[in-house]
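The structure under discussion is supplied below as structure tokens; questions concerning it will follow.
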Amino acid sequence: MSTSRAGATVILVHGAWHGAWAFSRVVPLLEAIGVHVVARDLPGHGASSLPLSDLHGDADSVTKILDNLDGPAILVGHSYGGTVITEAGHHDAVRHLVYLCANVPDDESSEVPKEVPNDTTDDQQGLMSELITHSDGTTTVPRLTAARYFYNDCDDTTATWAAAQLGAQPMTNLWQRPLHAAWRSKPSTYALCLNDQVVPVAVQRLLARRCTDTIEWNAGHSPFLAQPALIVDLLASSLVRYI
């Protein structure tokens, strides 16, 4: 990997129930090779003191980061974070979108493509059936469920720690339509995770068709914790054109 300072800023956008803490192993590795990186909690997540927001509020929080940049940016979205960067990626500063086993919605529906066979969503339904639903419309993930679905290829210590960090997630966000589908006009890369227990591989392959390039990893749903070097290598290669 190059050790030169990249001109583009990498903005890491976490998925549902998570926070910026999810990228705690990626950030120092990127900084070590001279990449300017920003990992920030979406409203109401992680250490954020703001109230939980809808999809558009989440996307707006990323747009505000982009507004304060002096140069180009690469947006990285994990899982639900893919929906967020799809809307926020319309910003003029964005040069590239990276989807980590993420949703790649169009601006008509944030659901997965209709071609997905019903039997490919069993794992996804398994996770959904184990969520704890609260009266305010949010859900939380039991720790053992999180370890099994999100962190299946992490060591036990990491899985236990990460599961304990998870917070509440408004479920309506997961089905909202983005105002823009940035992947229609911006280059994009889909990182397909073959051992993902949340987003079935068949679904990922269909979503990846909307992206410019696809890369496949032998990883679960949280490569940022289990194999952070994969993400760093991908981003370092993507940054070359923007240095």
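Given H placed 1.01 Å from N in the peptide plane, which residues other than close sequence neighbours of TRP17 have an amide H under 5 Å from its amide H?
none
Can you give me the long-range amide H partners of GLU216? Hydrogens built in the peptide plane at 1.01 Å from N, cutoff under 5 Å, separation of 5 or more residues or another chain.
Residues meeting the criterion, in which the H sits 1.01 Å from N, are LEU192.
Cut-off 10 angstrom, C-alpha nodes, Gaussian network model of the chain. Which of THR172, THR214, THR160 fluctuates the most?
THR172
Which order results if THR9, THR139, THR86 are arranged by neighbouring Cβ count within 10 Å, fewest first?
THR139, THR9, THR86
Normalised radius of gyration for the chain, please: alpha carbon Rg relative to 2.2 N^0.38 Å, two decimal places.
Here the Cα radius of gyration is 0.93 times the empirical estimate.
Okay, moving on. In whole Hz, with x marking every Gly and Pro, tabulate ³J(HN,Hα) for region 147-152 from phi via Karplus 6.51 cos²θ - 1.76 cosθ + 1.60, θ = phi - 60°.
Whole-Hz 3J(HN,Hα) from phi for region 147-152: 4, 6, 9, 7, 10, 5.
Taking 0.36 nm per residue of sequence separation and subtracting the Cα-Cα distance, how much length would be gained by fully extending the chain between ARG143 and ALA32, in nm to one decimal?
36.7 nm
Using a Gaussian network model on the chain with a 10 Å cutoff between Cα atoms, which of HIS221, HIS56, HIS14 fluctuates the most?
Between HIS221, HIS56, HIS14, it is HIS56 that shows the largest mean-square fluctuation.
Moving to a separate point now. Cα atoms only: what Rg and Dmax, in Å, come out for region 29-78?
Considering region 29-78 through its Cα atoms, Rg and Dmax are 12.3, 35 Å.
Given a 10 angstrom Cα cut-off, can you work out which residue in LEU194, LEU127, LEU50 is the most mobile in a GNM of the chain?
Of LEU194, LEU127, LEU50, the most mobile in the Gaussian network model is LEU50.
Between THR160 and ARG205, with labels modelled 7 Å along Cα→Cβ, what's the label distance in nm to one decimal, could you check?
Reported label-point gap for THR160 and ARG205 is 3.8 nm.
Can I ask one more? For region 169-179, take each phi angle, set θ = phi - 60°, evaluate the Karplus expression 6.51 cos²θ - 1.76 cosθ + 1.60, and give the result in whole Hz per residue in order, putting x for glycine and proline.
Along region 169-179, the couplings run 9, x, 6, 4, 4, 5, 10, 6, 8, x, 6 Hz.
Please check the chain for the longest run free of GluC sites (Glu not before Pro) that are loop-located per DSSP (anything but H, G, I, E, B) and have at most 12 other Cβ atoms within 10 Å.
With GluC sites (Glu not before Pro) excluded where exposed in loops, the chain gives 116-243 as its longest stretch.
Measuring from label point to label point, each 7 Å out along Cα→Cβ, what is the SER24 to GLU130 span in nm?
2.2 nm
List the residues whose amide H sits under 5 Å from the amide H of VAL37, counting only those 5 or more places along or on another chain, with H placed 1.01 Å from N in the peptide plane.
For VAL37, the qualifying residues are VAL10.
Continuing with this model, one more query. Would you calculate a helix-derived [θ] at 222 nm for the chain, using -39,500 (n - 2.57) for each DSSP H run of n ≥ 4 and dividing by the full residue count, to the nearest 500?
Calculated mean residue ellipticity at 222 nm is -8500 deg cm²/dmol.
Any read-out appearing in this document is the output of simple, stated calculations on the displayed coordinates, not a laboratory observation. Bear in mind the structure is a predicted one, so any value in this text is a computation, not a measurement. Cβ: placed from backbone, ideal geometry, glycine included. Neighbour counts: every protein chain shown.
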